[in-house]
Amino acid sequence: TVRFYLEPPLRESAEKGAHNFIGLMAQVCEKARYRVEYADTNEAGRAVDAHSLTHMKSPNGAGGLVFRRVYEYPFWQIDQTAERWDWDVARADFDPANIDGEESERFYTYWQRRLYDQSARITERAGFIYVPLQGKLTEHRSFQACSPLEMVEHCLAHDPRRNVVATLHPKERYPDGELTALERLEAANPRLSIRSGEMVRHLQTCDYVVTQNSGAAFAGYFFGKPALLFGKIDFHHIAVKAEMDNLNAGFAQVAAHRPDYARYIWWFWQDQSINAGKPDAREKIAARLKRFGWEM
């Protein structure tokens, strides 16, 4: 038996056969003579499954795997941990020399238009750093180089020429103490502005992105905007890593950084992820399950 642990709306969609990627995974499992069952996410942990697939959250036992969307539909990944920075793709080597330039450029241009219409083509560098914030602003967690609040302070200290626009995540609920600390920092630094949302507008006009591991930095690749990362994540290959003992060099590097965005996006999505809209999706799903010891 393979048990899928899903949020209630997703479970309902899967049981109706209305979710494309879950349906493809179920077909692959059934072809390999597994029986497919669906359960709510909150039921995970009540029993140890020999084989299970959990949406986004930690696997249910040693035989469990995780699946989640790779930032945009129809791209998906299957791995053995919920932490993207420990996925296979995060440890893979990206070599642009091995990727066809014309094909990747066509792919990149298509997805620029598909996701952002003409916005990704209408860009400038207006002299500011875009800092998309996530949660837990005052905590330094294990996958981070420092706390998000300290990261904003480093932007002000290590790039004294540019303004800093730090944005609160529109779906995040911030405790009053965190907001107060951020507002105090803003009051003490005229170059700092605290705003909310408006990712596309900021990506169009920023010089570069600084974040822990926000998906906004991945979106920035479609706008030709480089990223300086203070946290671990799966899309780090063409970003600049913040080295805490040499931040001046990191900020100088990202300001001038011009990686090959088209080849990277093609590699990250077409080669390293599962495109649920392609004919080889079932084959790639089976390969991922086999990679983690499932009999296929």
Self-check item: Residues that are buried (at least 20 other Cβ atoms within 10 Å of the Cβ) and of a type in the set (Asp, Glu), drawn from the stretch 219-266
Solution: ASP234
Exercise. Filter the stretch 112-167 for residues that are closer than 17 Å to ALA188 by Cα and charged (D, E, K, R) and give the result.
Key: GLU150, GLU153, ASP159, ARG161, ARG162
Self-check item: Only one of THR167, THR180, THR109 that is modelled with pLDDT of 95 or more and either open to solvent by 30 Å² or more (accessible area, probe 1.4 Å) or charged (D, E, K, R) (or both)
Solution: THR180
Quiz item: Has the stretch 3-13 got any residue that is aliphatic (A, V, I, L, M) and in contact with a strand residue (DSSP E or B) (Cβ under 8 Å, 6 or more places away or on another chain)?
Solution: yes
Quiz item: Residues of the stretch 191-229 being under 20 Å from LEU137 (Cβ atoms), small (Gly, Ala, Ser) and assigned to a helix (DSSP H, G or I), which ones?
Solution: GLY215, ALA216, ALA217
Self-check item: Single residue of SER13, SER58 found to be under 28 Å from TYR264 (Cα atoms), free of Cβ contacts under 8 Å to residues at least 40 places away in the same chain and among the polar types (S, T, N, Q)
Solution: SER58
Quiz item: Looking at the stretch 135-148, which of its residues are open to solvent by 30 Å² or more (accessible area, probe 1.4 Å) and over 18 Å from the mean Cα position of the chain (by Cα)?
Solution: THR138, GLU139, HIS140
Practice problem: Filter the stretch 273-282 down to residues that are of a type outside the set (Val, Ile, Thr) and in contact with a helix residue (DSSP H, G or I) (Cβ under 9 Å, 6 or more places away or on another chain) and give me whichever is most open to solvent (accessible area, probe 1.4 Å). | Solution: ARG282
Exercise. Scan the stretch 40-92 for residues that are open to solvent by 50 Å² or more (accessible area, probe 1.4 Å), of a type in the set (S, T, N, Q) and under 21 Å from CYS29 (Cα atoms) and jot them down.
Key: SER58, GLN80
Self-check item: the stretch 20-55: number of residues that are under 28 Å from the mean Cα position of the chain (by Cα) and at positive phi
Solution: 1
Self-check item: Which numbered condition LEU53 misses (of (1) without any contact (Cβ under 8 Å) to a residue 12 or more places away in the chain; (2) part of a strand (DSSP E or B))
Solution: (1)
Practice problem: Looking at (1) more than 24 Å from ARG141 (Cα to Cα); (2) within 25 Å of the chain's Cα centre (by Cα), find the lone condition where PRO59 falls short. | Solution: (1)
Quiz item: Of the residues that sit in the stretch 200-218 and are hydroxyl-bearing (Ser, Thr, Tyr) and open to solvent by less than 10 Å² (accessible area, probe 1.4 Å), which one is nearest to LYS171 (Cα to Cα)?
Solution: THR211
Exercise. For residues that are without any contact (Cβ under 8 Å) to a residue 12 or more places away in the chain and either buried (at least 17 other Cβ atoms within 10 Å of the Cβ) or not small (Gly, Ala, Ser) (or both), tally how many sit in the stretch 16-30.
Key: 3
Self-check item: Residues being assigned to a helix (DSSP H, G or I) and farther than 16 Å from ASN275 by Cα - total across the stretch 1-25
Solution: 8
Practice problem: Kindly provide the set of residues from the stretch 77-130 that are more than 18 Å from LYS225 (Cα to Cα) and acidic (Asp, Glu), ordered by number. | Solution: ASP79, GLU83, ASP86, ASP88, ASP93, ASP95, ASP100, GLU102, GLU103
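The values are calculated or read from the model by the stated rules, or taken from the named source; none is laboratory data. Bear in mind that the values here come from a model prediction, so they are computed numbers and not experimental data. Heads up, the Cβs are rebuilt from the backbone with ideal geometry, glycines too, and the neighbour counts pull from every protein chain shown. With ligands, DNA and RNA removed, areas are computed over all heavy atoms of the protein, side chains included. Shrake-Rupley method; radii C 1.70, N 1.55, O 1.52, S 1.80 Å.
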